[in-house]
Each structure stands twice: as C-alpha cells, then as structure tokens.
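The values are calculated or read from the model by the stated rules, or taken from the named source; none is laboratory data. Values in this document were obtained by computation on a predicted structure and should not be read as measured data. Cβ sites come from the backbone with ideal geometry, for glycine too, and all protein chains shown count toward neighbours.
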C-alpha cells in the first residue's frame, strides 16, 4: 500500500482552521482507497516569526525535501509586513524546490451564483497557469539612499527563455488534456515592457508551434482583466507571468463565487522535489477564530495534491463531494450565503464522500 509522506504547515489566520478540515477529508478518503497518508506538522509562520525572528528554521528546506508534498494553509499576519511572510516562507519553498508552475482553476459550480449576470454552471471553467519562480517576483534589485529624501528602490523583473518556455509548455499540455477546450491565452504587456515581456512573447510563439492542434491568442493583461469580467467563458487555459497570474486568479476566484473555493498548487512538474499545495485565499485575519472560514478551497487543494500523487479516484471523490454540497446549497459557510461553520462544512464533505 502506498503511503504518502506529507509536511503540513497550517500557518496563520484561517489556515489553522481550514487545514484541520482538509486533513479530515484526506484521512477519510484514504480509508476508502488502497493508500494512506503520513502527516507531519510544522508550526511555522508568523507566530513562529514573532518568537524566533524568522518564519521557519534555517534547516527547514532540508527537512521539507524529505517529503512527497507540502500541505499549506496560509501565511500572513496584520502585525508583520507582507514582504517578510512572502520572502520568509513561500518564495524560498517555491524556489528551492523549483515549483515553477502555479496551477489555479476557476470553475463556476452548480449551486453557486456568480456576481456576473447571466452565468450558468460551468460557463466559467478556466485554469490559470502562473509562472512561479521568476518574473516580477524574482526579488532582484536594491535600495540606495535608504531613509533619505533621495531614497531609490530598483525592482527588476527576470524573464529567462528557459523559465518562460517551460511554464508555457506546461500550459499547452494542460490544454491538451481530455475535457479541455484546447485553447491557450497568453497574458503579456510587451507594448510597455519591451524587454522581459518580449522574451515571454517569443517563447509563447515557439511553444505554440509545437502544438498546432491548440488554438492560441496573446492578449495584453489589461484586456484579459476586462474580459475575465466581460466574457470569462472565452477562456480555457490562461498562462501568465508571476505578477499577472497572481492578480488574475483573484478575479477568477471572485467571479466564480468566492475566494473560499479557490484551490491552488505550486508544482514541480518533473517531480524532482516536493510540490506545495495551498489555497489562494490567504490568512484572512479579519475572520480568523470565528469558525466561519470556508474550508472548501483547502479541501479542493487537497484533491489537487491527491491527483498529483497519483490518487486520481480519491481526488475525484473529494471534488464530487464538494460539488454535491454546493449543488444542495444547505450546508454552506457565510461567504456562500449559508450559516454553517467551518467544522460543519468539513464534516459534511466527509459524509458526502463516495456518493454516486
């Protein structure tokens, strides 16, 4: 029997709450299939930073390297600047393990009402493939004259041919999967960013030539942002840089009903290193501790982890259970118009596992 060794980092805010429900679902689904989980928890994040002066120990990456995957809740705290949490935990993990793909689906499920008028279930069914290790978040640059009136900050975006080609190729491979509409949209801004984004555009053209059966379009990020709202049904697979993918997936989450449904995976597609699975929503400090956070994003993220580890049937069961609850519309958290607690929704997903 396969045993998947998983490092669990609940992190901050609602991460501690929704991870509990995600683990509950993962344990329950494995009991119905010939595999098991070996979960080890690590108390890293903002509270760790407040005590130790760092988000995780100096040997944390060596520790994580021994696991099959990382299951993360969220990081971020209102008393700590965002760049500390981002550069102290998330980005080091993504870069160390070359998790160059961030895969984020946005699906309008039955039972969910989009804030966009006239949208029916599955009218919106897209996946954004975000470059995850370079681009605008490469953290290359520096300061001069810090704390003087002449203070200068230089922020450099890094776009390499290799980095662009590999994430774009992954997007085309996703578009070629059964059930997709075989179309890829490239998000660019090469009219204003005439160096890095030109490298991106040229890479897109080269990779597109390898997949003649896949339809393509290259669009400026402002036009894509507009059409995510104006006509989101036109999108199938969308591939963009680190910054563009980050922003667009928040729009995708909202137009499909809630940040509480937005799952995400940071992937090393070559499986040389552990991949990391975290929902899009962040730590949501405004609602932490109230027991009203929607655990479905974390649960669906667990399904993505199961599928990445080869447990396709278990992943399908988790997704089916979530769809069942959404369609029934009776056991939902307040973000979806319900009154159920985080724990009640998690228990309901467990109860719905294996339904025909």
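Pairs needed: first member in segment 37-62, under 22 Å from residue 97 (Cα atoms) and assigned by TED's automatic domain parsing to the domain that holds residue 82; second member anywhere, surrounded by fewer than 13 Cβ atoms within 10 Å (Cβ to Cβ) and modelled with pLDDT of 95 or more; C-beta distance under 6 Å; at least 6 residues apart or different chains.
Filtered contacts from segment 37-62: 38/3.
Quick one: how many residues across segment 321-336 are surrounded by fewer than 18 Cβ atoms within 10 Å (Cβ to Cβ), touching a residue at least 60 places away in the same chain (Cβ under 8 Å) and part of a loop (DSSP other than H, G, I, E, B)?
Number satisfying all stated conditions: 1.
Would you mind finding the one in 287, 247, 318 that is in a loop (DSSP other than H, G, I, E, B) and either touching a residue at least 12 places away in the same chain (Cβ under 8 Å) or in the same structural domain as residue 79 (by TED's automatic domain parsing) (or both)?
The match here is 287.
On the given criteria, is residue 218 in the same structural domain as residue 163 (by TED's automatic domain parsing) and closer than 30 Å to residue 113 by Cβ?
no
What number of residues in segment 147-198 are within 20 Å of residue 135 (Cα to Cα) and assigned to a helix (DSSP H, G or I)?
The qualifying residues number 15.
Only one of these is under 28 Å from residue 44 (Cβ atoms) and either in the same structural domain as residue 195 (by TED's automatic domain parsing) or surrounded by 17 or more Cβ atoms within 10 Å (Cβ to Cβ) (or both): 90, 116. Name it.
90
Return only the number of the condition from (1) outside any helix (DSSP H, G or I); (2) within 22 Å of residue 70 (Cβ to Cβ); (3) in contact with a strand residue (DSSP E or B) (Cβ under 7 Å, 6 or more places away or on another chain) that residue 304 does not satisfy.
(1)
Give segment 248-304 a look and list any residue that's out of contact with any helix residue (DSSP H, G or I) (no Cβ under 7 Å at 6 or more places or on another chain), crowded, with 21+ Cβ neighbours inside 10 Å, closer than 20 Å to residue 337 by Cβ and modelled with pLDDT of 95 or more, or say none.
Scanning segment 248-304 gives a single hit, 256.
Among 19, 8, which is the only one that is in contact with a strand residue (DSSP E or B) (Cβ under 6 Å, 6 or more places away or on another chain), in a helix (DSSP H, G or I) and surrounded by 14 or more Cβ atoms within 10 Å (Cβ to Cβ)?
Being in contact with a strand residue (DSSP E or B) (Cβ under 6 Å, 6 or more places away or on another chain), in a helix (DSSP H, G or I) and surrounded by 14 or more Cβ atoms within 10 Å (Cβ to Cβ) holds for just one of 19, 8, which is 19.
So residue 80 fits all but one of (1) free of Cβ contacts under 8 Å to residues at least 60 places away in the same chain; (2) assigned to a helix (DSSP H, G or I); (3) touching a helix residue (DSSP H, G or I) at 6+ places or on another chain (Cβ under 8 Å); what number is the exception?
(2)
Would you be able to tell me the number of residues in segment 161-181 that are surrounded by 16 or more Cβ atoms within 10 Å (Cβ to Cβ) and either touching a helix residue (DSSP H, G or I) at 6+ places or on another chain (Cβ under 9 Å) or closer than 17 Å to residue 201 by Cβ (or both)?
Adding up the residues that qualify gives 10.
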